[in-house]
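Note sheet for the following structure.
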Amino acid sequence: MLIAILGIIMLIVSIVLKRSPEPGNHFAGIVRIAGIIVIILGLLSSSVKIIERGEVGVQVLFGKVQDDVLESGLHFINPAVVVDTLSIQTQTYTMSARETEGQVKGDDAVRVLSSDGLEVAIDLSILYKVDPKKAPFILQNIGPNYEDKIVRPNTRTAIYNNAVIYQAVDLYSTKRGEFQARISKSITDVFAKNGLLVQQILVRNISLPTSVKASIESKINAEQDAQKMQFVLQKERQEADRKRVEAQGIADYQKILSTGLSDKQLQYETIKAQKEIALSPNTKIIIIGGGKGNPIMLSDK
């Protein structure tokens, strides 16, 4: 549009030159033609708008925001329209105790009181994006600095309101996921009313007072020791059961031997043993008719 304005200025100059005395009026025609060309080029360039990927365009005509949203790509628009762009890509807002993290430099962790009166420092990141359909609403009612007006205050308020429900130990251990889900639920509706879509809430770290943290770690170590002892005791019981079963089996075997073997059974077992010895590869001498009817076996060694 500035190019077209420059062309209009050139037309005005041409009129002034035409009314001036010679030799200045000789250049009036050339300046007028150049001005017309510049105006045409300015109008053409103002009528073409390219929206980059990951952005949407909002049209503003003489201060009034238009409802039509321009998506990424090439568009032909009214030359008098001004197009403001907003990113619709996923954005991350982080509040952290580390000085090098987050949008606010220094310690920006959210410090809240738990239900048992202990101060807890919470590091949190929120992933969100602009709703493309609500881009005109955001530009007209909130402005481009929606992080400071919507994201930061509403997220911190949700953390304050939900942290007071839990004890510090629960936030640190068993209730962390539930706490994270409650925060997400609290801010989703608020963000949606203001044209923002919540994608994910990440509770990155929860810092407890040193004394409480030491107490928790001591309790965890005690529980781990107790679980280890239970494992050892269970293993010893299993070993004792195994030995008991083994001893019972030996006792039963001996009882069977002492009560159930006859002379003929013993003679049969003896013959089996002698047969195995006779068939072995070792050299021996067998004399049939030894004492008590048993053969005598002599080895060459």
* How much length, in nm to one decimal, is gained on full extension between Ser207 and Lys228, taken as 0.36 nm per residue of separation minus their Cα-Cα distance? -> 4.7 nm
* **Value of relative contact order over region 125-236, rounded to a whole percent, pairs C-alpha under 8 Å and six or more apart** => 38 percent
* Scan around Arg111 for amide H atoms under 5 Å from its own, H built in the peptide plane at 1.01 Å from N, and keep only partners 5 or more places away or cross-chain. => Ile122
* **Enclosed volume per residue, in Å³, of the convex hull spanned by Cα atoms of region 141-204** => 82 Å³
* Which distance in nm do the two modelled labels at Lys219 and Ala278 give, with both placed 7 Å along the Cα-to-Cβ direction? -> 8.0 nm
* Using the structure shown, list the pairs from Lys149/Lys175; Lys105/Lys175; Lys129/Lys219 with a Cα-Cα distance above 32 Å, or answer none. => Lys129/Lys219
* **For region 88-129, with +1 on Lys and Arg beta carbons and -1 on Asp and Glu, the positive-most of Ala97, Ser115, Ile126 along the dipole** => Ile126
* Say each of Lys129 and Arg98 gets a label point 7 Å from the Cα, pointing the same way as Cα to Cβ; how far apart are those two points in nm? -> 2.6 nm
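None of the figures in this text is laboratory data; all of them are computed from the coordinates on show. Everything numeric here is computed off the predicted structure, so don't read it as measured data. Don't worry about glycine lacking a Cβ; one is built from the backbone with ideal geometry, like all the others, and counts go over all protein chains shown.
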